[in-house]
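**Student:** Would you mind keeping the following structure in view while I ask a few things?
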Amino acid sequence: RIPLLIDTDPGVDDALALLMAFADPRHEVVGLTIAAGNVGLQHTVANALKVCEVAGRDDVPVFPGCDRPLLHPSPDAANVHGRDGFGDVGLAPAARGAESRHAAEAIIELSHRHAGRLLLVTLGPLTNVALALRLDPTLPTRVARLVVMGGAVTAHGNITPSAEFNVFFDPEAAHIVFGAFPRFDLCDWEAALAHGVLLRDAERWLAAPGPVAAFYEAVSRHTRRWSEDARGERWHSADGLAMAMALRPDGVLESAERPVEVVLGHSPARGTTLVDWQRQLGRPDRARILLRYDQARLEDQVREALG
Ligand code: BDR
Ligand code: CA
């Protein structure tokens, strides 16, 4: 089985992605490294532990990481995910606690343990991975594949006019990661928008018997109503799509390889992912950008995770 390390900030769509990873027989989740992002670190760690518990995966170590971006503070996404990141439904905390080792150290250690085979998937701000790269710049040589959920490849943002949340939350970290990995798969916000599922279908799947569907029905309630008001009948799971393509690369029907830069500084474009579609800057094509994923496959993966 392919060893899978997930860096995440749960978050409602992160939770779905984690459940998808746990349900996949071809991958073994070897750890979760946690960042602040959607909400504060204390909540994202508690939420990761809770997902493990619900999925019956208390054997998966959870490593708390950075509680803020590398340089500049940034607002969270509690309006979408709820103040506790899980829809404020008053879940009992998981019985288990987190590991004491820092996420950045755990990323390095797990990359040694699974050198040449490790699949690293990032579903949140890239702070932990950037810090790991500063501690050990040889990290990319041991990671077989990196899949990043982040960015908006034609500058159709979700947190500012042109920036996507994960990159905007810590643009300096994204800049470090995008510059260090010679190749990575990018699942951006615009791909997520193009792969929505009908809310009425999702709500049917959420009615499946068993604790996993009941848990996800509860934590996603707030964000489903928010999504319906903001975007209508289709519900978009950015992290779910990123995990789908990470687990099943054969479901990618169309992609494009291009250079990607992150806009830093404090203009209104801060955190924008600038894709050099016409290759005008002469930089290497590092990002394989997801354009189309098999929608039926995606929906099967989500259903299996909930069922
Ligand atoms: C990303 O931002 C977060 O709110 C989601 O969890 C996802 O990782 C989408 O822009
Ligand atoms: Ca996320």
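**Student:** Given the DSSP H assignment, sum -39500 (n - 2.57) over each helix run of at least 4 residues in the chain and divide by its residue total; what's the result at 222 nm in deg cm²/dmol, nearest 500?
**Tutor:** Estimated from H runs of four or more residues: -12000 deg cm²/dmol.
**Student:** Would you list 107, 34, 289 from fewest to most Cβ contacts within 10 Å?
**Tutor:** Lowest count first: 289, 107, 34.
**Student:** Under the Kirkwood approximation for Rh and a Cα-based Rg, what ratio Rg/Rh is obtained for region 124-216?
**Tutor:** Expressed as Rg/Rh, it is 1.10.
**Student:** If you bin every alpha carbon distance in the chain into 10 Å steps from zero, what whole percent lands in each bin?
**Tutor:** For the chain, the pair-distance distribution reads 7, 31, 40, 20, 3, 0.
**Student:** Over the chain, what is the mean sequence separation of C-alpha contacts under 8 Å (at least six apart), divided by residue count, expressed as relative contact order in percent?
**Tutor:** The normalised contact order for the chain reaches 21 percent.
**Student:** Output ³J(HN,Hα) for region 269-274: one whole-Hz value per residue in order, computed from phi by the Karplus curve 6.51 cos²θ - 1.76 cosθ + 1.60 with θ = phi - 60°, and x for Gly and Pro.
**Tutor:** After applying 6.51 cos²θ - 1.76 cosθ + 1.60, I find 8, 3, x, 6, 8, 9 Hz.
**Student:** Now for a different question. Write down, largest first, the equivalent ellipsoid semi-axes of region 233-307 in whole Å, where each equals the square root of 5 times an eigenvalue of the alpha-carbon gyration tensor.
**Tutor:** With the √(5λ) rule applied to region 233-307, the semi-axes are 29, 16, 9 Å.
**Student:** Based on Cβ point charges of +1 for Lys and Arg and -1 for Asp and Glu, what charge dipole magnitude is obtained for the chain about its Cα centre, in debye rounded to the nearest 20?
**Tutor:** 420
**Student:** Using the scaling law 2.2 N^0.38 Å as the reference, what is the normalised Cα Rg of region 185-297?
**Tutor:** Rg over 2.2 N^0.38 Å, computed on Cα atoms: 1.29.
**Student:** Kindly work out what percent of the DSSP beta bridges joining two residues of the chain are antiparallel, to the nearest 5.
**Tutor:** 30
**Student:** If you don't mind, another one. Calculate the FRET efficiency for residue 194 and residue 72 from the Cβ-Cβ distance with a Förster distance of 25 Å, rounded to the nearest 0.05.
**Tutor:** 0.25
**Student:** Further, regarding this structure: Taking H as built 1.01 Å from N, whose amide H comes closer than 5 Å to the amide H of residue 94, not counting residues under 5 places away?
**Tutor:** Close amide H contacts, sequence-distant or interchain: 50.
**Student:** Report, in cubic angstrom per residue, the convex hull volume of the C-alpha atoms of region 71-191.
**Tutor:** Taking only Cα atoms, region 71-191 has a hull volume of 134 Å³ per residue.
**Student:** Counting C-alpha atoms alone, how compact is region 47-119: give Rg to one decimal and Dmax as a whole number, in angstrom.
**Tutor:** 15.0, 41
**Student:** Average the reciprocal distances over every distinct pair of alpha-carbons in region 1-147, invert the result, and give the Kirkwood radius in Å.
**Tutor:** That comes to 15.1 Å for region 1-147.
**Student:** Tabulate in residue order the Karplus-calculated ³J(HN,Hα) for region 154-162, using 6.51 cos²θ - 1.76 cosθ + 1.60 with θ = phi - 60°, rounded to whole Hz; enter x for Gly and Pro.
**Tutor:** 10, 6, 9, x, 10, 10, 10, x, 10
**Student:** Next up: Show me the ranking of peptides 133-146, 40-53, 108-121 by mean Cβ neighbours inside 10 Å, starting with the highest.
**Tutor:** My ranking of the peptides, most packed first, is 40-53, 108-121, 133-146.
**Student:** How many angstrom separate the Cα center of region 60-113 from the Cα center of region 212-230?
**Tutor:** Rounded to whole Å, the Cα centres lie 20 Å apart.
**Student:** Got a sec to turn the phi values of region 36-45 into Karplus ³J(HN,Hα) couplings, 6.51 cos²θ - 1.76 cosθ + 1.60 with θ = phi - 60°, whole Hz, x for Gly and Pro?
**Tutor:** In residue order, the calculated couplings are 6, x, 3, 9, x, 4, 4, 6, 5, 5 Hz.
**Student:** Would you pull out the residues with amide H under 5 Å of residue 293's amide H, same chain only if 5 or more places away, H placed 1.01 Å from N?
**Tutor:** Here 253 satisfy the definition.
**Student:** Here's something else I'd like to know. List the residues, sorted by chain then number, that are 5 or more residues from residue 274 or on another chain and whose placed amide H is less than 5 Å from its amide H.
**Tutor:** 261, 262, 263
Every number here is computed from the coordinates shown, using simple stated rules; none is lab data. Predicted model only: the values in this text are computed from it and were never measured. Note that each Cβ is placed from the backbone with ideal geometry, even for glycine, and that neighbours are counted across all protein chains shown.
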